[in-house]
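Engineer: Right, I'll just put the structure down here and ask away after.
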Amino acid sequence: MTNRPMTNLKKIAISLLALSFIFAVKSYYGGEITVRLNEPPDFSYSPASYSNLVFYSLVYENFFYLENNGDIESNIFKDYRYNPQTRTLDLLLKDNTRFSNGKPITAKNIKVSLKLFLDLNLASSRKLRRMIKSIGIETTANSNRVFIQLLYDEPNIIASLTTPELVLTAGKDQVFSGSFYPVEWVKGRYILLMPNPFYPGGRSYLDSLKVVFYDYHYPDVFLAEPGKLNNNFEELKAGVYQNIYLGFPQGKVGDNTRIAIYSLLKNFYKSIDANLVGLNALTSNEESPITLNIKTFSNRRVRSILRYSRIKLYILSSLKKIEEPFNEFLQKKRLSIETIYLSDKQIVNFMKNTPVKYLLMGKTFNRRMPIEEKIQIILKEMSFGRFDENYLKLLNQLDEMKYLKNEELLLDLVSGIIEKVIKDGFILPLYQRRYSIYIKNHVRGIELDYYGKPLFRKVRVK
């Protein structure tokens, strides 16, 4: 009889403890966070800048994730195995995976998404194109799988599929595979995202996420230069930077005109953003084996050369944020330069039918990537087929040199390629923008993957 009240007290205590855990978990659900990024051109996947890469990662799911510690994860596939004897990668989809509208994700969607990625003008796409022989699918009541047969044995094929640009899309259908999906877009202001109830990685803790494009307040999450310390924010160093280049895809440009427009753009960028780092290399100043000394002209000589030149400057849409300040800058200089903005996906096909002499473009890099890979990306993605047999020979040598693991010879070869690119008037580096991610203290769960891309799948508010 004396033990019964004690037992009841224990039961009550245990119940209260259990309730405290339930409410502790529930307190993480709900709320909205704001993320400040550059406005994307549309919802068609185009990871042309770091800001774009972050935005599209909210609404499109990657095939695989490479964690910072080297682990590989997938929210789409429940099993993936590579057979070296048949040189075949077998990808088995999770059961009952769906897009944001409830439509089932099938092996066909995986195949279409992979083919779209292979058609992109990216070094990572070309790398996979050289590996893959065929893509097959099997869709039955009990099996939903993809078979990727390779041309040669490649045990690290899964690692190649972790590239952040490889995402699951639904082809032409405007549905989404990521942790969020868009419900409202006010141009120039914001895009409102809601949690995807069918997200294969589990529903978000948030009620909504707003991506804003204006600068007059500090949102919960934003991109900025490293070292912008604030006690209310945590800084995640992404190890990512964007280089801005002036390219000459046709090559038929006089030396004076080339230097004049280069000088003009140097002055423009210096006038709008003091945080930009002057780029004296093709990749980053710290890692480059050589420093480039590129000639510039005075403002007076620039104006005399460009005043009646009728130049058409093509600019990739990932740099469209400069449109208004650049037009004002040209007016002050009394220069009439026509600017045409092109989407990054449009540029390759556009140039097949239209002569493009001057092209302003940006390229995003991760600091972890070896310098030789960055040089290959610059030549392959930004030359637009302009290099001749000599360049092809240099690129082949670079491929071979990577496996010899001779750092001195490799840097000598890289130096020679950089000097040749600049001497031949291929491309001129302008500035570099470096990135950190700042997160308000009440926001939890944002992590960086191996490539420096933030993952919002576990994001919540305190």
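Each reported figure results from applying straightforward, stated rules to the coordinates on display, with no laboratory input. If you're wondering where the values come from, they're calculated on a predicted model, not measured in any experiment.
Engineer: For n ≥ 4 DSSP H runs only, could you compute -39500 (n - 2.57) per run for the chain, divide by its residues and tell me the 222 nm figure to the nearest 500?
Structural biologist: Value at 222 nm, helices only: -10000 deg cm²/dmol.
Engineer: Could you run the Karplus curve 6.51 cos²θ - 1.76 cosθ + 1.60 with θ = phi - 60° over the stretch 420-434 and give me ³J(HN,Hα) per residue in whole Hz, x for Gly and Pro?
Structural biologist: 5, 4, 6, 4, 7, x, 6, 7, 10, x, 10, 9, 10, 10, 9
Engineer: Students often forget the sequence filter, so: which aspartates and glutamates lie under 16 Å Cα-Cα from K420 once same-chain residues fewer than 8 apart are removed?
Structural biologist: Partners within reach: D255, E372, D388, E389, D412.
Engineer: Mind listing the phi-derived Karplus ³J(HN,Hα) values for the stretch 251-264, rounded to whole Hz, using 6.51, -1.76 and 1.60 with θ = phi - 60°, and x for any glycine or proline?
Structural biologist: So the Karplus estimates, Gly and Pro as x, are x, 8, 9, x, 4, 5, 5, 4, 5, 5, 6, 5, 4, 4 Hz.
Engineer: Using modelled backbone amide H atoms (1.01 Å from N, in-plane), which distant-in-sequence or interchain residues come within less than 5 Å of F77's amide H?
Structural biologist: Residues meeting the amide H criterion: K94.
Engineer: Can I ask one more? What lysines sit close enough to K210 to cross-link, taking a C-alpha to C-alpha distance under 22 Å and skipping anything fewer than 8 places away on the same chain?
Structural biologist: Within reach: K26, K187, K320, K321, K440, K453, K458, K462.
Engineer: On average over all directions, what projected area in square nanometres does the stretch 50-122 have, based on the convex hull of its Cα atoms?
Structural biologist: For the stretch 50-122, averaging the hull's shadow over all directions gives 6.7 nm².
Engineer: One-quarter of the Cα convex hull surface for the stretch 134-199, in nm²?
Structural biologist: Answer in nm², one decimal: 7.4.
Engineer: Continuing with this model, one more query. Using the Kirkwood formula on the Cα atoms of the stretch 40-170, what hydrodynamic radius do you get, in angstrom to one decimal?
Structural biologist: Kirkwood hydrodynamic radius for the stretch 40-170: 15.4 Å.
Engineer: Give, in whole angstrom and from largest to smallest, the semi-axes √(5λ) of the equivalent ellipsoid of the stretch 101-152, with λ running over the eigenvalues of the Cα gyration tensor.
Structural biologist: Result for the stretch 101-152: semi-axes of 23, 15, 5 Å.
Engineer: Residue by residue through the stretch 182-188, which ³J(HN,Hα) values in whole Hz follow from phi under the Karplus form 6.51 cos²θ - 1.76 cosθ + 1.60 (θ = phi - 60°), with glycine and proline marked x?
Structural biologist: With the stated coefficients, the stretch 182-188 comes to x, 10, 7, 9, 9, 4, x Hz.
Engineer: What would the Debye formula give as log10 I(q)/I(0) at q = 0.09, 0.10 Å⁻¹ for the alpha-carbon point model of the chain, no solvent?
Structural biologist: With no solvent term, the Cα-only Debye profile gives -0.68, -0.83.
Engineer: Expressed as cubic angstrom per residue, what is the convex hull volume of the alpha carbon set of the stretch 240-434?
Structural biologist: In the stretch 240-434, the Cα convex hull volume per residue is 119 Å³.
Engineer: Do you know the Lys pair count in the stretch 40-170 for C-alpha distances under 16 Å, with sequence separation 8 or more or different chains?
Structural biologist: Taking the stretch 40-170 as the scope, the lysine pair count is 7.
Engineer: What residues have an amide H closer than 5 Å to that of N144, excluding those fewer than 5 places away on the same chain, when H is modeled at 1.01 Å from N in the peptide plane?
Structural biologist: For N144, whose amide H was placed from the backbone, the distant partners under 5 Å are L93.
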